[in-house]
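Presented below is the structure to which this report refers.
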Amino acid sequence: MIGFDAHVHVYDQVAAIGRVRYLPDRPAPLAGWLDLLVAHGLKGGVIVQVSFLGTDNRMMLGALERLDRSRFAGVAVVDVDVPAGELNGLRAAGVRGLRWNLVAGARVPDPADPEVRRFLARMRDAGLHLEIQLESSRLAPVLAPLAAAAGGLVIDHLGLPEAADPAAEPWFRALAALPSDHGVHVKASAPYRSRVAVEGHVAWLAQRLGPDRILWGSDWPHTRHEARAAYRGLLDRLPPILDDAAAAARLYGLTATTAIGDQPAKNRHTAP
């Protein structure tokens, strides 16, 4: 059973930090997402730093400050030279992961590079894991070294599949070659960002990873795809054996067992 929306973006204002690939034309307020959680019977979820804000995590952190930590967590974006103290501060504020958004030809950090290794060590020491958005063919050659170096690795949007046949998917082949203790989890989210239909890929991952290493994410508010994306996305097409409770607790510290709609309305926006 899926209880959490593990991938959304929340921002009260639209203002780019530096050069960006895309800028939405309207905010994505926290209250709007909470209403969707209530409407769909979910327990909480994960706010991921949106790309157009770069490493300015203040809006995401501001949202987390208002929310129950048993139901909500965050994923931040930082520079590789971020000091340990800042990572510890993010952890204390409810952040549980750091994201690398590497699509569209962005440089992939080399896990063997000393600076990257130091960054990943500081990340692990702070109790954080790595989340990555990267196209399948570019993810495949770096999956093994990243999984080994990061300690915990979450692949966004099913690894952006490129092959119609899951057995031919580049990063799936790399995943199949990893040792059993690889620590990789996958978000079944944003099917509209992939080149191919992904239902077969979800089934392949469920068989390979088991029922407790796949999370669902709405990718709300579906930046770039607002006109054609639906909030539920893949939720109704996931294998019924999937259960995100263990992964949500392991990765994000989310332990709520009841739907957010079961809370009094006045408590849904405020941390206990």
(request) Provide the per residue accessible area, probe 1.4 Å, for the chain, rounded to a whole number of square angstrom. (result) 42 Å²
(message) Quick check of the Kirkwood formula: for the chain, what is the inverse mean of 1/r over all pairs of different Cα atoms, in Å?
(response) 18.6 Å
(message) Which chymotrypsin sites (Phe, Trp or Tyr not before Pro) in the range 1-98 sit in a loop by DSSP (not H, G, I, E or B) and have at most 14 other Cβ atoms within 10 Å of their own Cβ?
(response) TYR22
(request) Could you pull out the trypsin sites (Lys or Arg not before Pro) across the range 232-266 that fall in loop regions by DSSP (anything but H, G, I, E, B) with no more than 15 other Cβ atoms inside 10 Å? (result) ARG232
(message) Suppose only helical runs count, i.e. DSSP H with n ≥ 4. What mean residue ellipticity at 222 nm does that imply for the chain under -39500 (n - 2.57) per run, divided by all residues and rounded to the nearest 500 deg cm²/dmol?
(response) -8500 deg cm²/dmol
(message) Counting only protein heavy atoms and a 1.4 Å probe, tell me what percentage of the chain's accessible area is made up of carbon and sulfur.
(response) 51 percent
(request) Place a +1 charge on the Cβ of each Lys and Arg in the range 114-272 and a -1 charge on the Cβ of each Asp and Glu, then give the dipole magnitude about the Cα centre in debye, rounded to the nearest 20. (result) 320 debye
(message) Which order do you get for SER70, SER137 if you rank them by accessible area with a 1.4 Å probe, largest at the top?
(response) SER137, SER70
(request) Enumerate by residue number the trypsin sites (Lys or Arg not before Pro) in the range 83-180 meeting two conditions: DSSP loop (anything except H, G, I, E, B), and at most 15 other Cβ atoms within 10 Å of the site's Cβ. (result) ARG107
(request) Would you mind checking which residues have amide H under 5 Å from VAL154's amide H? H placed 1.01 Å from N; only 5 or more apart, or other chain. (result) LEU130, GLU131, ILE132, HIS185
(request) Could you give the size of the charge dipole of the range 5-130 about its Cα centre, using +1 on the Cβ of each K and R and -1 on the Cβ of each D and E, expressed in debye and rounded to the nearest 20? (result) 200 debye
(message) Using the Cα centre of the range 185-272 as the reference point, and only Cβ charges (+1 on K/R, -1 on D/E), how large is the resulting charge dipole? Debye, rounded to the nearest 20.
(response) 280 debye
(request) Rounded to the nearest Å, what's the spacing between the alpha carbon centres of the range 131-178 and the range 205-240? Just the number, please. (result) 17 Å
(request) Name the residue farthest towards the positive end of the dipole of the range 112-177 from the options ALA177, LEU139, GLY127, assuming +1 on Cβ of Lys and Arg, -1 on Cβ of Asp and Glu, about the Cα centre. (result) GLY127
(request) Have a look at the DSSP beta bridges in the chain and tell me what percent are antiparallel, nearest 5. (result) 5 percent
(message) Over the Cα atoms of the range 1-153, what radius of gyration and what Dmax do you get, in Å?
(response) 15.8, 47
(request) Enumerate the helices in the chain for which the Kyte-Doolittle hydropathy averages 0.5 or more and the C-alpha atoms extend at least 30 Å along the helix's axis, using complete DSSP H runs. (result) none
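The values are calculated or read from the model by the stated rules, or taken from the named source; none is laboratory data. None of the values given here were measured: they were computed from a predicted structure. With ideal geometry, Cβ positions are generated from the backbone for all residues, glycine too; neighbour counts draw on all protein chains shown. In case anyone asks, the SASA skips ligands and DNA or RNA and just uses the protein heavy atoms, side chains included. Shrake-Rupley method; radii C 1.70, N 1.55, O 1.52, S 1.80 Å.
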